[in-house]
């Protein structure tokens, strides 16, 4: 059951534990893109997270903190927030540590991943936490076989359903060739669609297109309710 709403209910609570200010700002901005309403708290240490006083819907944490590192961080967060969905966003590449985190119920993403990849993982974790609805199925046409109901802000030209399919795959981090294989079309066809998508979304690059698309798709889902 989703917790997202605008009727006065308590908004989702997202706790970010990250001591690098640029990373924490980026993660908080991603949450705000994906959720219509949310409460985001940022802590730069385990000690500060321990006294936040609330169980988050989603915990996003680094493993390499000033007062806790590696397995100690995994154990501490697991004990502090047993009921929260948990995402480790770390530059630590140790395979054994990643396996321990995943075995303890944490999703794991490298903070050096591309912006679209980070955004996609965060979206998945918010869906798992129950505070974000999953995307509509790819074959859902909402009464229009060609044009979708997904518009960029200020635009009167929606994406086609084929363009929506392409953007959903692109948001997962797929290259043009991978999207082409998944949708059984040529890479040149995908690139042609992406050029048109950039125009319709008013985007200058792939990362910006993914940001605008995710916001626009979320707005469309809310309007369809």
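Can you sort 25, 214, 60, 150 by how many other beta carbons sit within 10 Å, fewest first? The partial results should precede the final answer.
Working: 25 13, 214 22, 60 29, 150 26.
Ordered from fewest to most neighbouring Cβ atoms within 10 Å, 25, 214, 60, 150 come out as 25, 214, 150, 60.
Figure legend: label point modelled 7 angstrom from the Cα of residue 204 along Cα→Cβ; residues of the stretch 96-137 with amide N under 20 Å from it are 114-117.
Exposure proxy ranking for 125, 43, 52, based on other Cβ atoms within 10 angstrom of each Cβ and starting from the fewest, stands as 52, 43, 125. Note on the stretch 161-223: the alpha carbon radius of gyration divided by the globular reference 2.2 N^0.38 Å gives 1.05.
Axis angle, to the nearest 10 degrees, between helix 21-34 and the longest C-alpha principal axis of the chain: 50 degrees. Here the simple spin-label model places points 7 Å from the Cα toward Cβ, and for residue 29 and residue 111 these points are separated by 1.6 nm.
Between helix 187-201 and the chain there is an angle of about 80 degrees, using the helix long axis and the longest principal axis of the Cα atoms. Computed over the chain, the convex hull of the alpha-carbon atoms projects to a mean area of 13.3 nm². Between 207, 91, 53, the Gaussian network model of the chain with springs among Cα atoms under 10 angstrom shows the greatest mean-square fluctuation at 53.
Sort 215, 54, 191 so the one with the fewest other Cβ atoms within 10 Å of its own Cβ comes first.
Fewest to most other Cβ atoms nearby, the residues stand as 54, 191, 215.
Seen from all directions on average, the stretch 5-96 presents a Cα convex hull projection of 6.2 nm².
So what is the calculated 222 nm ellipticity per residue for the chain, using -39500 (n - 2.57) for each DSSP H run with n of 4 or more, over all residues, to the nearest 500 deg cm²/dmol?
Theoretical 222 nm ellipticity from helices: -14500 deg cm²/dmol.
Size descriptors for the stretch 62-132 (Cα atoms only): Rg and Dmax, in that order, 11.9, 32 Å.
Computed from the coordinates by the stated procedures, all read-outs in this text should not be read as laboratory data. Computed from a predicted model, the values in this text were never measured in an experiment. No Cβ is skipped: glycine too gets one built from the backbone with ideal geometry, and neighbour counts run over all protein chains shown.
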